[in-house]
Amino acid sequence: MIRDEAPAWYHQARLRWLDETYVRFWPRRPCFTDGWGPEVHPKIDESWRTDEPAAPTIRWVRRLTQGASRLSEGLFESPDVELPAECRVARVLAVEPRSRPTRGWVVVLAAWGDEDFSTRQRLIRGINEAGIGALLLENPFYGGRRRVGQRGARLRSVHDFLSMGRATVVEARSLMAWARQRDERVGVAGFSMGAQMAAMSAVLVPWPVRVVLVASAISPARVFFDGPLVADLDAAPLGDGGFERLRQVMQTFSVLDLPPPHDPTLARLVGTRADAIVPPEDTRAIARHWGASTRWIDDGHVSALIRRPHAMAQAICDAYA
């Protein structure tokens with residue numbers, strides 16, 4: 001039998017091609033077809049790093065069991081009062097161990113276009129067996145929190161996009177406060193956009209938290225302007241000089257503009273070497289800024305979800321060990 005002795009760069013090139021093919025041929029809707037929206041842009045407030053977040057009052061509306069897990073779906077009022085009215089009721093799915101005590105909680109945030117909980121449930125499979133519970137947040141503007149007139153997960157305006165980023169961080173802080181009332185070991189995790197939001201949320205609470213990032217960008221600008229997703233902006237009516245202005249606005253949501261976590265030893269960064277959507281250098285830059293180590297998988301963005309969905313669960317279990 002002839003064994004495959006192809007060099008690593010060859011396999012990485014093939015996986016990058018999978019990312020590029022996915023972006024090119026998967027049915028997509030353009031972003032920001034309403035342009036900028038309101039001119040006052042939502043921003044992240046660095047003072048949140050020292051402000052104690054308030055835990056939400058969650059109303060649990062549905063419970064069921066699934067394998068080794070106990071699932072509870074709940075609703076709470078978003079603490080971000082600047083959200084549109086139709087986005088203010090937040091939905092969360094709690095995934096807990098069924099037959100053992102919960103000994104820690106992790107808030108798991110959504111990737112771009114991740115409107116339900118199924119993908120994240122697959123990414124965290126196995127953490128309940130380690131005694132870790134998860135809180136999966138439905139992003140504002142996604143699923144049952146879409147704006148009136150919004151079709152699918154593609155946001156109508158730049159203002160909506162920035163509002164989603166701000167509110168996700170605000171709600172993640174609130175859910176970590178809820179979890180911390182139950183166990184001092186709390187954290188936040190995500191893949192892709194969810195990872196970048198997790199990174200910002202982790203540094204904007206006043207206490208140390210565990211944080212797990214898989215394929216995280218530094219900022220949305222890196223994904224939309226330095227990779228194939230730039231095609232999603234082709235139909236956006238941004239006006240003269242609008243693209244450069246949008247890049248600058250997106251760069252204000254940068255992990256590198258915020259301080260490192262209170263305890264970087266609690267961070268677990270997972271990089272994707274063959275990623276064509278999120279530059280692998282972004283993981284290196286965050287690791288340098290935080291003084292954290294990185295583990296690497298030989299995958300692109302898409303293949304990481306297909307071939308190694310367990311990478312996030314392994315990193316979470318390691319962070320809580």
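The values are calculated or read from the model by the stated rules, or taken from the named source; none is laboratory data. What you see is a predicted model; the values in this text were computed from it and never measured. Neighbour counts are summed over all protein chains in view; Cβ atoms, including those assigned to glycine, are modelled from backbone coordinates with ideal geometry.
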Check your understanding: Considering the stretch 295-313 alone, what residues qualify as being of a type outside the set (Phe, Trp, Tyr), surrounded by fewer than 17 Cβ atoms within 10 Å (Cβ to Cβ) and closer than 15 Å to Leu213 by Cβ?
Key -> Arg295
Point to revise | Number of the condition not met by Ala111 [criteria: (1) aliphatic (A, V, I, L, M); (2) surrounded by fewer than 24 Cβ atoms within 10 Å (Cβ to Cβ); (3) closer than 23 Å to Glu39 by Cα] | key: (3)
Review point. When the residues of the stretch 88-113 are filtered to those that are more than 18 Å from the chain's Cα centre (by Cα) and not in a loop (DSSP other than H, G, I, E, B), which remaining residue is farthest from Ala321 (Cα to Cα)?
Key: Val89
Check your understanding: If Ser118 satisfies every condition in (1) polar (S, T, N, Q); (2) within 18 Å of the chain's Cα centre (by Cα); (3) surrounded by 16 or more Cβ atoms within 10 Å (Cβ to Cβ); (4) under 28 Å from Ala304 (Cα atoms) but one, which is the exception?
Key -> (3)
Review point. Hey, any hits in the stretch 150-162 for a residue that's in contact with a Leu (Cβ under 9 Å, 6 or more places away or on another chain) and of a type in the set (Ser, Thr, Tyr)?
Key: no
Revision key, fill the gap. Matching residues in the stretch 56-91 (more than 28 Å from Asn128 (Cβ to Cβ), of a type in the set (A, V, I, L, M) and surrounded by 14 or more Cβ atoms within 10 Å (Cβ to Cβ)) number 1
Point to revise | Residues located in the stretch 169-178, provided they are over 12 Å from Phe253 (Cα atoms) and not small (Gly, Ala, Ser) | key: Val170, Glu171, Arg173, Leu175, Met176, Trp178
Check your understanding: Within the stretch 136-175, can you find the residues that are part of a helix (DSSP H, G or I), crowded, with 24+ Cβ neighbours inside 10 Å and touching a strand residue (DSSP E or B) at 6+ places or on another chain (Cβ under 7 Å)?
Key -> Thr168, Glu171, Ala172, Leu175
Exercise for review: Tell me, yes or no, whether the stretch 14-32 has at least one residue that is assigned to a loop (DSSP other than H, G, I, E, B) and at pLDDT 85 or above.
Suggested key: yes
Exercise for review: State the number of residues belonging to the stretch 226-247 that are over 19 Å from His41 (Cα atoms) and either modelled with pLDDT of 95 or more or in contact with an Asp or Glu (Cβ under 9 Å, 6 or more places away or on another chain) (or both).
Suggested key: 2
Exercise for review: State yes or no: is Arg268 of a type in the set (Lys, Arg), touching a helix residue (DSSP H, G or I) at 6+ places or on another chain (Cβ under 9 Å) and surrounded by fewer than 17 Cβ atoms within 10 Å (Cβ to Cβ)?
Suggested key: no
Point to revise | Residue that is farthest from the chain's Cα centre (by Cα), among those in the stretch 54-87 that are hydroxyl-bearing (Ser, Thr, Tyr) and part of a strand (DSSP E or B) | key: Thr65
